[in-house]
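Since every read-out is calculated from the coordinates, none of them should be taken as a lab result. These numbers come from a predicted model, not from an experiment. Quick reminder, even Gly has a Cβ in these numbers, built from the backbone with ideal geometry, and neighbours come from all protein chains shown.
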Amino acid sequence: MRLAIALLVLCITAAMAGEPAKALVDPMDTGAAFRNAFGTPPTTARPSGTGTVLLTRVAVGKDAGIDWCPGGKNIPVACPVLTLTFAKQPASGPLAASVLFFDKAGTFIDGSEAAILSGAATDTTIDVTSLGAYGRLSETATHYRLRLRPLQTTSPVVLDAICAGPAK
């Protein structure tokens, strides 16, 4: 968690200074970067103790999810490339990933569905600047957060890491 907060501060500081942004990495040592759980009952983020976090959806037919915002802060658009690493064992269930955009004051502007992810044990990359909502909002969107919705109640989503980094 301390690593994730330190990297977030570096990313924000670099963006404010006009320097290249540094990557923000959440190694999933805790579930602290997951916030704003919603649904009835809400999605839970539980660390497994082995560097993975299990995202679990309990109710069938109800919208439920959770946001990834390391350090409790939205992510600067200077770090637009998201990489989700799913665990190899146990196998992960699928999830829907969305991106919520915010202005400089922290006011929600709009959201955009990013992808339906299979949960396969591979790295999955999402470039938030390629999403339709960002194209309309590029003048006002300064930050974003990742919203994750597990799609099954039978298999939790098992994540090894999430990284938000600069465009290459």
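Could you work out the relative contact order of the chain, using alpha carbon pairs under 8 angstrom and six or more residues apart, expressed as a whole percent?
30
Round to the nearest 10 and give me the degree value, 0 to 90, for the angle of helix 2-17's Cα axis relative to the longest principal axis of the chain.
Around 30 degrees separate the two axes.
Which whole-number value in Å³ per residue fits the convex hull of the alpha carbons of the chain?
Roughly 104 Å³ of hull volume per residue.
Note down the relative contact order for segment 19-61 as a percent, whole number, built from C-alpha pairs under 8 angstrom at least six residues apart.
That works out to 35 percent.
Cα gyration tensor of segment 51-108, axes a ≥ b ≥ c as square roots of the eigenvalues: rounded (a/c below 1.5), prolate (a/b > b/c) or oblate?
Oblate shape, in that a/c is at least 1.5 and b/c is the bigger or equal ratio.
Sum up the lysine pairs in the chain that clear both bars: alpha-carbon distance under 21 Å and a spacing of 8 or more or different chains.
Pairs that pass both the separation and distance tests number 4.
What's the center-to-center distance, using Cα atoms, between segment 43-65 and segment 95-120 in Å?
Value for the Cα centre distance between the two parts: 18 Å.
Could you check the spin-label model distance between Val58 and Ser138? Points 7 Å from the Cα along Cα→Cβ, value in nm.
Result for the modelled spin labels: 4.4 nm.
Suppose only helical runs count, i.e. DSSP H with n ≥ 4. What mean residue ellipticity at 222 nm does that imply for the chain under -39500 (n - 2.57) per run, divided by all residues and rounded to the nearest 500 deg cm²/dmol?
So the calculated ellipticity at 222 nm is -4000 deg cm²/dmol.
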